[in-house]
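FYI, it's all coordinate maths here, none of it is from the lab. These numbers were taken from a predicted model, which means no experiment stands behind them. No Cβ is skipped: glycine too gets one built from the backbone with ideal geometry, and neighbour counts run over all protein chains shown.
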Amino acid sequence: MHGEEVKQQFSLIADNPIDPVEVLDISGAITADCPTCLTILADTLDDNQFRNDKTSFLFRYSNAVTAISIKLQLKNGVFADVATLNDDTYGTFFALGFIVDDKNRSYIGYLVDWRLVLAAFGEGFYRVVTDETTIFGANSQTTAEYCLKTYLANRAEGSLKIETYTTQIRGDINDQTDFIDFGTAAWYNSTRLCGIFGFDTSDYTDERVEFRNGQRKWITDIQETKYLMALKPIPQELHNFVKTDILQADEIFITDYNKNNPNKHIQTLVLRDGNYEPKWNANTLLASVEVQFKTAYNNLRKRRC
């Protein structure tokens, strides 16, 4: 009854986005600080979208729930409430019922603007929890932890920012019999993971006509750019998120923050181009994974008309 997804507000992608700046040597800071790579970066002095992350949370409820309150918690030894997320003070509030699915379940959500949170409460480990009143008694949900840090080049280095847009109905990774309705609007989500994206290659297909003298001349000539995303070891829960929320999104944009990457990628629009096969090892609960993508634009076509 209580599925959970992450979501963010829709925003248009600029034709010429600002380049991520000051990326330095790989430090491993993200992996060291947050083993599951749920690192969040923000900058109170600069509103550049590449220096400030946002995360949204979407919860759905049946008619058995009569009241819901969303709380932001900060860890100071133990987690404690620091804010009630019921208005736009720390982001954007989506009131209960802004989406209603075919099972008559109502959705409530909140877009957390981590720049506002950083300014109000500082760095630290955060999570979102719900306080729910139901006809059966009290209940709650707790999200993953997010490690909020001030943006520094060495903290962003070695990470990927993956942005997705999702619409319509998709299965629930946490319940094989259930679904999540994203509606007809494009729901935006952003995730920062440890890894590298690029290793650009090209596949070619062409069509040629052969003349009586044996000469072959082209009719069409198509080049398709391919990419590889390599993620550092992550737990099963995060693999579930990547293979479902990211790889089954309508649109996927990837920005790479690796200084030594020979291929520059800023909000590169891609399509998945293969299977999802983590490299599991019996000695650890974490697994790395490599995912193949291809360009979402079929513009490298040579044709006569």
Fill in the blank from the handout: Per the filter on the stretch 66-100, residues over 11 Å from R127 (Cα atoms) and either among the polar types (S, T, N, Q) or outside any strand (DSSP E or B) (or both) are T66, S69, N76, G77, T84, L85, N86, D87, D88, T89, Y90, T92
Handout entry: Among residues of the stretch 230-274, those that are more than 25 Å from A144 (Cα to Cα), within 14 Å of the chain's Cα centre (by Cα) and not in a strand (DSSP E or B), counted
Key = 1
Exercise for the section: Kindly indicate whether any position in the stretch 103-122 is surrounded by fewer than 16 Cβ atoms within 10 Å (Cβ to Cβ) and farther than 29 Å from N48 by Cβ. Expected result: yes
Handout entry: So T142, is it of a type outside the set (K, R), surrounded by fewer than 16 Cβ atoms within 10 Å (Cβ to Cβ) and within 21 Å of the chain's Cα centre (by Cα)
Key = yes
Fill in the blank from the handout: With criteria (1) buried (at least 20 other Cβ atoms within 10 Å of the Cβ); (2) without any contact (Cβ under 8 Å) to a residue 60 or more places away in the chain; (3) among the small types (G, A, S), S159 comes up short on (2)
Practice task
For the stretch 218-237, indicate whether the set of residues that are closer than 23 Å to A186 by Cα and out of contact with any Pro (no Cβ under 9 Å at 6 or more places or on another chain) is non-empty.
Solution key: no
Fill in the blank from the handout: Filtering the stretch 182-229 down to residues that are part of a strand (DSSP E or B), buried (at least 20 other Cβ atoms within 10 Å of the Cβ) and among the hydrophobic types (A, V, I, L, M, F, W, C) yields W187, L193, C194, I196, F197, M229
